[in-house]
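We did not get these values from a lab; they are worked out from the coordinates using the rules stated. Small disclaimer: the values here were computed from a predicted structure and weren't measured. Cβ sites come from the backbone with ideal geometry, for glycine too, and all protein chains shown count toward neighbours.
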Amino acid sequence: MGSRVHHLFGLRRPALVLAALLVVTTAPLALSQPAHASVTRVRLGSTADVSRTSWNGPAFTMNGDGAVVPATMAKAIAAITGGTGSLDVTVLADSAPSSGSDTPECDVITGLTGVNSCTTDVLTSAADGNSAQVNTDIRNAEFVYFAGGNQCVYASWKGTSLQASVQSVVAKGGGSGGGSAGTHINSAIVYDACGGSSGTDSATALANPYDSTVTFTTGMFSWPHYADTINDSHFVTRDRMGRTMAFVARALKDGLTTSGKAWGVGIEQGGGSLFLDKNGLATLTGSDAYVVLGDHTPERAVSGQSLTFSNYKIWRLTNGSTFDFANRPTCGYYLKSVTNGVPDSNLYSGTPVTPCTPGGGGGGSSYTEAEANDTRTTANDISALTYPATITGGMKSTADRDYFKVSLISGQWITVTCTIPSAYDADLYLLNSSGSTLVRSVNNGKGATESLGYTATSSGAHYFDLEAYSGSGSAPYSCTVTKA
């Protein structure tokens, strides 16, 4: 849970008497009105919804705390609109903020390009999931954002009209997302925190994965390419790796997954956010995230006893890196175990058992650089490749620069992630057709991975350029390029 003030599971909206909050906001273009017996509704932006026959999503954002992350929200908007026109957003919350603006999420969202309106609906009971006005707001929107709050309340909307309305937004090519509690509710298996007022922590869950505080809701949402996932938030700061390990073990033991595997997805607070595109490729912005795979039956997961589970496979994602949920990787992970409720040390770092091409593999073309390609005019043209594409080459000298030409359309999202061998340090740049730098990745150190993402603002030729910074050699680099 999370957002607004410290309460229960995180930073969240406290449960307040809504009658005291039915005030008219002073913000321009804002309409505040009761929408149902216990629903408060505030709309910012245009009073009329966008009318359009088709959308280009779905797209999703999942944040480590309750706040909207502008970078990933902007990616979702661009992906859904295709870079043209605008859309409507509905924010769902379980209670009003205790101080400050009545619409903190919409305050951020309406400042982004491509937003026609943003409506905040505050629901205070499960029955409010059947509010006609709330469901109209959702179905007329192209993105639904679940605010930080209490995911137990959000889970109580399962079976109401709201559930089907949110599903309809995604089905028409819109999107869904949220922060903290809103992140939890967007996974396939939801840790609902309905088992106690203080939730659970890692020590409790590992000591007894069937503790009364460890409860789940399934069948709420099932987003494309995101099956068998269990989201968690505030991940590193609140040391939640252990409880996610317990959640994964429970999902397997209780048969909650469809594949015999369970994937925990933990996102750190402080700006951490995953953007998931329609092809299942997740790109991380900000603070670290982790994917925790359990792919076998727990050695011991029984009520009243501590957990034993060997060899969780864990991927650590850093700013700009990607994870392909459509083609889930079989490499690039490190291993950690839990024995008698005690996890291995250093859960948040490890050496990958086997390296792999960034992005998690899966499909696409391969291409090996052809010299000379040291300028834009001599760039290797990879526009005709099938994406995701794998590009390999080498930094032959300390002055080597390898250019690759790609074709993008306005609103299209591109990611480039390059694995660099330990022999040299290289930097990565994305350029427009005139050679101006649009975005770059310049991590320090030989062998440091470079990764960037960008939403095109114009159609035509773009270039990515890998440059030797320190050292050189025949050891190959490997870059994964995705477009969505």
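Each other residue within a Cβ distance under 13 Å of Ala370 adds +1 if Lys or Arg and -1 if Asp or Glu, for a net charge of -3.
The value obtained for the stretch 94-239, namely the Cα convex hull volume divided by the number of residues, is 134 Å³ per residue.
The relative contact order of the stretch 366-483 comes to 37 percent, based on Cα pairs under 8 Å that sit 6 or more residues apart.
Per residue, the chain reaches -3500 deg cm²/dmol at 222 nm when only DSSP H runs of four or more residues are counted, each adding -39500 (n - 2.57).
Listed values for the stretch 473-484 are Karplus-derived 3J(HN,Hα) couplings in whole Hz (6.51 cos²θ - 1.76 cosθ + 1.60, θ = phi - 60°), namely x, 7, 4, x, 8, 9, 10, 9, 10, 10, 9, 8, and x replaces Gly and Pro. Each of Ser345 and Ile409 was given a label point 7 Å from its Cα along the Cα-to-Cβ line. The distance between the two points is 5.4 nm. Placing +1 on the Cβ of every Lys and Arg and -1 on the Cβ of every Asp and Glu, with nothing else charged, gives the stretch 90-234 a dipole about its Cα centre of roughly 340 debye.
Straightening the chain between Gln163 and Ser46 buys 39.6 nm, computed as 0.36 nm per residue apart minus the Cα-Cα spacing.
A Förster distance of 25 Å, applied to the separation of the beta-carbon atoms of Arg440 and Thr237, puts the FRET efficiency at 0.30. Helix 161-171 axis versus longest C-alpha principal axis of the chain: approximately 20°, rounded to the nearest ten.
With respect to the chain, whose longest principal axis is taken over its alpha-carbon atoms, helix 241-253 is tilted by about 80°. Report the residues of the stretch 375-404 in range of a label on Cys331: point 7 Å along Cα→C-beta, backbone N strictly under 14 Å from it. Under 14 Å, as judged by backbone N against the label point of Cys331, lie 390-392 of the stretch 375-404. In this structure, Ser433 and Ser303 have a Cβ-Cβ separation that, at R0 = 60 Å, corresponds to a calculated FRET efficiency of about 0.45. Model label points for Thr113 and Ser459, set 7 angstrom from Cα along the Cα-to-Cβ axis, are 1.6 nm apart. Contact order, relative form, for the chain: 12 percent (alpha carbon pairs under 8 Å, 6 or more residues apart, mean separation divided by residue count). Think of each Lys and Arg Cβ as +1 and each Asp and Glu Cβ as -1; about the Cα centre, that makes the dipole of the chain roughly 520 debye.
Taking N as the residue count of the stretch 5-343, its C-alpha radius of gyration divided by 2.2 N^0.38 Å amounts to 0.95. Between 0 and 90 degrees, the angle of helix 70-81 with respect to the longest Cα principal axis of the chain falls at about 90 degrees. Report the one residue of Ala372, Phe404, Ala426 whose Cα lies farthest in the direction of the positive end of the charge dipole of the stretch 366-483 (charges on C-beta: Lys and Arg +1, Asp and Glu -1; origin at the Cα centre). Among Ala372, Phe404, Ala426, the one farthest towards the positive end of the dipole of the stretch 366-483 is Phe404.
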